[in-house]
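One structure is given here, and the rest of the page talks about it.
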Amino acid sequence: MNKILVIGGGGREHAICAALKKSPKPLTLYCAPGNGGISQIAECFPSVKATDIDGAVDLAKRIGADYVFVAPDDPLTLGMVDAMEAAGIKAFGARKNAAVIEGSKSFSKALMKKYNIPTAEYAEFDSESIESALNYIKTQNKYPAVIKCDGLALGKGVIIAKDFAQAETAVKDILLNGKFGVSGKKIIIEEYMTGPEVTVLAFSDGQTVVPMVSATDHKRALDDDKGLNTGGMGAIAPTPYYTKQWENECLEKIIRPTINAMRAEGRAFKGVLYFQIMLTDNGARVIEYNCRFGDPEAQTVLPLLKTDLFDIMTAVIEERLDGIKIEFSKEYSACVVMASGGYPENYNTGFEIKGLEKVSDAIIYSSGTKTRGEELITAGGRVLSVTALGETLDKAIEKAYTEIGKISFEGGFYRKDIGKKAQNYVRA
C-alpha cells in the first residue's frame, strides 16, 4: 500500500487527489491542509498549512508517507521538495532552485533572454529606480503597459495600465507603498502583447518533457473579461486555436528550450511546468511560467488524463519519464468556478452549499470549503470548480453550466461566458 501525502488545500489539490484515487494500484491518500471536499477521498490535516515546511515533513514521517506531492507555488518556492528529500522522503515537484522560474519574474525573463526563448520586451526596476521606471514608460509611450511584481502575488500582481496615469499609480503602489509586500520589491515593465492566450502544462523529469493537452484560463472576475484579476474563474481544454502548427512551434522554440536551459543552469526542472503563451502575429511568445499545475487548469486537464497519475509521478521522481506513454482523452473539458460574493476582494464565508446531490453529469472539486456536521460550507473566495466533459466543446460547456446551475449558496456567483471566445473561434 503506497501512502501519498498531497500538499495544498484547493481545487487543484482536489483534482490531483481524485486523479491519484483512480489509480488501479493500492494507495492511501492524505492531504494537508485539505478541505471539505478533499476529506471525502483523503484523510486531511487542516492544522498543517501548505507553507509549513517543518510541519509537513513531520507529518510525512508520522504517517509513513512513501511519496509527497507538493502542489502549490508557495511551498515549492520555499523549498519543501528539498526538505522532503533531505528527510529521505520521495517528493514530486520542483526543487527550490528550479521553482524560482515562477518565484522570480526577474529570473525567468533573464533566462529567456539568455537562451533566446521568445517573450515580451521588458525592463526591470526597484524602489531605488522609481523615476527611471516612470521615464521608461514615458519613453516607450506604448499602452496598455504591463507592470508585474517580481515575486508571487496570488495571481494578482499584474497590472495592465491603459495610460500613463494608471502606470504611474501602479509603479508607486508597488515600489513606494508596498502594495504587494516583498513580492513587489522589484517590478518588470513589459510590452503589451496581443493574440490568443494558451496554457500548456508539461510533465518533466529534468531531461524529458511531455506536454499535456492545452487549456485556456479565464482570469477576470466578471463576464467579457471585466472586473479584477482572480486566481481563475474557469477554463477549457483543449484550446481549439492551439493547432498542430502552434503546438510544434511551442515545443521546439519554448518548451524544450526552457527545460534544456534550466538543466544548463544547474536547475533541472522536475515536476509540472506551466507555460502561459501568447500566440502573436510574430509567433508564440512566453507570457510567464509557473512551477506547478495551474488552478483551475488542473481541474480542467486532469479529468482528460488516461494514464495513471501515480505512474507519471513516480516516473518523474525517478527520472524515467521517457519510459512511459502519457495519453489523454479526445474529449473536451469545461470547468466553471463558483465563487463567494465579493471575491476577489472582501467576501463572507460559512454559508451552506446546497444542491450538490442534484449534480449528475459533472465533477465537483472543492476549492474553498469545509464541513460543518453533515453540511459542506463555504470557506474561501473560490468555492467550487465544476468540470464537465463532452465530445465537442459546446457540449462540455453546456453540461458544465447545466450542472453548476443546480448548486447554490448565499452570494455565490460564476461567469456565464467560460469558453465563449473559443466557441466563437470554432464557429468562425
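The values are calculated or read from the model by the stated rules, or taken from the named source; none is laboratory data. Small disclaimer: the values here were computed from a predicted structure and weren't measured. Cβ coordinates were reconstructed from backbone atoms using ideal geometry, including for glycine residues, and neighbour counts include every protein chain displayed. Ligands, DNA and RNA are stripped out before the accessible areas are found, and what is left, the full protein with its side chains, is counted by its heavy atoms. Shrake-Rupley method; radii C 1.70, N 1.55, O 1.52, S 1.80 Å.
Below, the figures for the structure above:
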| quantity | calculated |
| --- | --- |
| Unique match (being part of a strand (DSSP E or B) and surrounded by fewer than 18 Cβ atoms within 10 Å (Cβ to Cβ)) among Leu251, Leu228, Leu279 | Leu228 |
| Close pairs from segment 216-244: first among the hydroxyl-bearing types (Ser, Thr, Tyr), partner part of a loop (DSSP other than H, G, I, E, B), Cβ under 7 Å, at least 6 apart | Thr216/Thr239; Thr230/Gly155; Thr230/Lys219; Thr230/Tyr343; Thr230/Pro344; Thr239/Ser214; Tyr241/Pro196; Tyr242/Ser214 |
| Selected residue [of a type in the set (A, V, I, L, M), free of Cβ contacts under 8 Å to residues at least 40 places away in the same chain and crowded, with 19+ Cβ neighbours inside 10 Å] from Leu29, Leu59 | Leu29 |
| Selection status of Glu85, without any contact (Cβ under 8 Å) to a residue 24 or more places away in the chain and surrounded by fewer than 18 Cβ atoms within 10 Å (Cβ to Cβ) | yes |
| Per-region count, segment 176-192, residues open to solvent by less than 20 Å² (accessible area, probe 1.4 Å) and out of contact with any Cys (no Cβ under 9 Å at 6 or more places or on another chain) | 2 |
| Close pairs (6 angstrom Cβ cut-off, 6 or more residues apart or separate chains): under 19 Å from Lys395 (Cα atoms) and in a loop (DSSP other than H, G, I, E, B) in segment 331-349, modelled with pLDDT under 95 and of a type in the set (Asp, Glu) anywhere | none |
| Set Ser366, Ser385, Ser408, Ser360: member being touching a Pro at 6+ places or on another chain (Cβ under 8 Å) and modelled with pLDDT of 95 or more | Ser385 |
| Residue match in segment 366-381 (condition: open to solvent by 50 Å² or more (accessible area, probe 1.4 Å), on the phi < 0 side of the Ramachandran plot and among the polar types (S, T, N, Q)) | yes |
| Subset of segment 371-420 [in a helix (DSSP H, G or I) and without any contact (Cβ under 8 Å) to a residue 24 or more places away in the chain] | Glu398, Lys420 |
| From Lys148, Lys172, Lys162, residue being among the basic types (Lys, Arg) and either buried (at least 20 other Cβ atoms within 10 Å of the Cβ) or under 30 Å from Glu331 (Cα atoms) (or both) | Lys148 |
